[in-house]
Amino acid sequence: MKRMIIFCMLFFCSTMMLTAASPRTVKYKQILNKIGVLKRLVKDKDAELLHTPENFVEGCLSTAVTCFKSGTLKLQPASNQDKGAFTKAIRTVQNFTYRNSGKNCELYEKTCESYEKKTPKEFLKGFENLMQMLYKNECRTHQS
C-alpha cells in the first residue's frame, strides 16, 4: 500500500512538471496581454509614426525587440482617463528582456531607423506578431 501511494505521488508530480509552463512562456503571454491593452488605449490619429521591424529571422530577434521596446516609449494614450492602465502596460513591456540564441546575426540585424515607419496600431500589431512567434517557439521547445 505504501509503495502504491509513493508511485501515485511520483506519477502526479511528474505529470505536473510536464504540463507546467516555463517562466519565459508566462512572460511572453504577459507581454502579449499588455500589447492588447496598449492596442485598445493607444492614440492612433495624429500620432507619431514609429519604425516597425518586420520579416523577423528566428534566432536573431534582439534588435527587433529593442526597437519595439524603444518605440513603445513614444506611444501616447488616446485619452487621459486611460493613462494609469496605459502607463502600467508600458512599464511591463519595458521590463521585458530578450537575448538571441547565440547565432551569428550580423547579416540580419538592422538599426531601428532602417525599418519603415508605421502608425502606432500597426506598430503594436508588428510587436504582437513578434511576441506570438517567441511564444510559439518557447511552447514548442518546452514540449520537446
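Every read-out reported here was derived from the displayed coordinates using simple, explicitly stated rules and does not represent laboratory data. As the structure is a computational prediction, the values presented were derived from the model and not from experiment. Here Cβ is always computed from backbone atoms with ideal geometry, including for glycine, and neighbour counts include all displayed protein chains.
Extension gain, ASN33 to GLU58, is 6.8 nm, computed as 0.36 nm per intervening residue step minus the present C-alpha separation. The peptide list 125-134, 38-47, put in order of mean Cβ contacts within 10 Å with the highest first, becomes 125-134, 38-47. The distance between label points at ASP44 and THR119 comes to 0.5 nm (points 7 Å beyond Cα on the Cα→Cβ vector). Candidate cross-link partners of LYS110 among the lysines, defined by an alpha-carbon separation under 18 Å and a same-chain spacing of 8 or more, comprise LYS69, LYS118. Each residue, THR87 and THR66, gets one label point 7 Å from its Cα in the Cβ direction; the gap between the two is 2.8 nm. Between LYS136 and SER79, how high is the FRET efficiency from 1/(1 + (r/R0)^6) when r is the Cβ-Cβ distance and R₀ = 25 Å? Nearest 0.05. Efficiency, rounded to the nearest 0.05: 0.15.
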